[in-house]
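Trainee: Sharing a structure here in structure tokens format.
The values are calculated or read from the model by the stated rules, or taken from the named source; none is laboratory data. These numbers come from a predicted model, not from an experiment. Glycine gets a Cβ as well: all are built from the backbone with ideal geometry, and neighbour counts include every protein chain shown.
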Amino acid sequence: MGLWDMLKAELIDIVQWLDDTNDTLVYRFERYGNEIKYNAKLVVREGQMAAFINEGQLADVFKPGTYTLTTRNLPILATLKGWTYGFESPFKAEVYFCSTRQFTNLKWGTPGPITMRDPEFGAVRVTAFGLYSIKIKDPAVFIREIVGTDGNFTTDGIQDNLRGKIGTRIKEVMPDAGIPIIDLESKVVQLGETLRTRISPAIEALGLDLTEVQVQDIGLPEEVERAIDKAGAMRAIGNMQMYTQYETANSINDAANNPGGLAAAGVGVGMGLGMGSQMAGAMGGMFAGQAQPQMQPGIGGAPLTPPPLPPQVQLFVAVNGQQTGPFDMAVLQQMAQSGQLTRDSLVWKQGMASWSAASSVEELASVFGSVPPSLPPA
């Protein structure tokens, strides 16, 4: 520093920090020889605190406001300096300005997969990442524990430290959160608050306040995600046989609009109905042992059994001169509502001498009961 800079520094009697950054946590006020004049003005703006340090020892801490530096408002520094009756000459001290605003969008992530025990899927390895926010809570502790003698301390200087602490703590907290694996994605807010509560004490020991923890994504193994997707699909489908028959009826309509694909559609219909019957039978067998109706004893103690259900009516439908089916009443109802089956469509069932219009078949009366007739020509 040149002679003019030395003289200029001696003339300055305002100690302040104009922060033009968005990542500075602590800034050391620069003064030649760390000399501060008697009666100098200290300006601490909102969102700041100022700490005086003398020969490595923390002295006075100032909150937002404007102060005239005298022994009256520097009691600790006056004691360290031995100022019994005041002082008149410049004194040496380091002034550290601490930003007390929130620092947001800091990233965290688990350093590796977390093993969680789930009642449905067993042991599952999970990863997670997100954002967190901090602010300086105790400048004295933060300077002593983290900053040291660094004259310009930014968030880059502490992110690695905090990321490691948060990531390690999360590996302990997530398995104890009590949230099932399948519900983690829908309860990220609750999980973030749980993490913040559990991790805060370790962060406070550094003089910081952990104001927020956001969980942005949960990573599950691919096989677990596929199992969740399959379980959701099965719940959405419900009755597998009805679903298969409905899809078959839709394929017939598509084939009718494409005569070249009608033969292939006939093969697909048979395969679809066969697979649907097999899947429905398999699913029925799975649940047969879970819901057995209780039989009331009959004459002589023998259980009463209900009579067999009447056979379900199934009809064939002529589409573009081709035979399709047979279809049960549920599928025929859907075909009628979608216009694939009309009153004029030719149908046949076992016992009929020949193909007849659907309107003449007694069993189809209920099918067309909710379908309005065709409009008369204009």
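Trainee: Does Gly167 qualify as being part of a helix (DSSP H, G or I), modelled with pLDDT under 85 and not β-branched (Val, Ile, Thr)? Show your work before the answer.
Mentor: Working: part of a helix (DSSP H, G or I): yes; modelled with pLDDT under 85: yes; not β-branched (Val, Ile, Thr): yes.
Criteria met by Gly167.
Trainee: Still on this structure, I have one more. Looking at the range 158-204 only, could you name the residues that are crowded, with 16+ Cβ neighbours inside 10 Å, out of contact with any helix residue (DSSP H, G or I) (no Cβ under 8 Å at 6 or more places or on another chain) and within 18 Å of Asn105 (Cβ to Cβ)?
Mentor: Within the range 158-204, Gln159, Arg163, Gly167, Val188, Gly192, Arg196 meet the criteria.
Trainee: Among the residues of the range 27-76 satisfying the criterion of being acidic (Asp, Glu) and in contact with a helix residue (DSSP H, G or I) (Cβ under 8 Å, 6 or more places away or on another chain), which is surrounded by the most Cβ atoms within 10 Å (Cβ to Cβ)? Write out each step before concluding.
Mentor: We begin by selecting, within the range 27-76, every residue acidic (Asp, Glu); these are 30, 35, 46, 55, 60.
Subsequent filtering for residues that are in contact with a helix residue (DSSP H, G or I) (Cβ under 8 Å, 6 or more places away or on another chain) retains 35, 55, 60.
On the way: Glu35: 16, Glu55: 10, Asp60: 21.
Among them, the one singled out is Asp60.
Trainee: Please specify each residue of the range 317-338 satisfying the condition of being assigned to a loop (DSSP other than H, G, I, E, B) and more than 18 Å from Glu363 (Cα to Cα). Full working, then the answer.
Mentor: To start, the set of residues in the range 317-338 that are assigned to a loop (DSSP other than H, G, I, E, B) comprises 320-321, 328, 338.
Hits for the range 317-338 are Asn320, Gly321, Ser338.
Trainee: A further question follows. Residues that are free of Cβ contacts under 8 Å to residues at least 12 places away in the same chain, at least 1 per element: which strands (runs of 3 or more DSSP E) completely within the range 72-154 meet that? Lay out the reasoning, then the answer.
Mentor: On the way: elements: 94-99, 103-109, 114-118, 122-136, 152-154.
In the range 72-154, 122-136 are the strands (runs of 3 or more DSSP E) which contain 1 or more residues that are free of Cβ contacts under 8 Å to residues at least 12 places away in the same chain.
Trainee: Also, quick follow-up: Which condition number does Gly232 fail, the rest of (1) modelled with pLDDT under 80; (2) buried (at least 18 other Cβ atoms within 10 Å of the Cβ); (3) among the small types (Gly, Ala, Ser) being met?
Mentor: Single failed check for Gly232: (2).
Trainee: Does the range 89-108 contain any residue that is surrounded by fewer than 19 Cβ atoms within 10 Å (Cβ to Cβ), β-branched (Val, Ile, Thr) and over 29 Å from Ala177 (Cβ atoms)?
Mentor: Yes.
Trainee: Here's another thing I want to ask about it. What residue, among those in the range 205-228 that are assigned to a helix (DSSP H, G or I) and either acidic (Asp, Glu) or crowded, with 18+ Cβ neighbours inside 10 Å (or both), is nearest to the chain's Cα centre (by Cα)? Give the steps one after another, and end with the answer.
Mentor: So the first thing to find is which residues in the range 205-228 are assigned to a helix (DSSP H, G or I), and the list is 222-228.
Going one step further and asking which of them are either acidic (Asp, Glu) or crowded, with 18+ Cβ neighbours inside 10 Å (or both), we end up with 222-225.
Details: Glu222: 17, Glu223: 19, Val224: 16, Glu225: 14 Å.
So the residue we want is Glu225.
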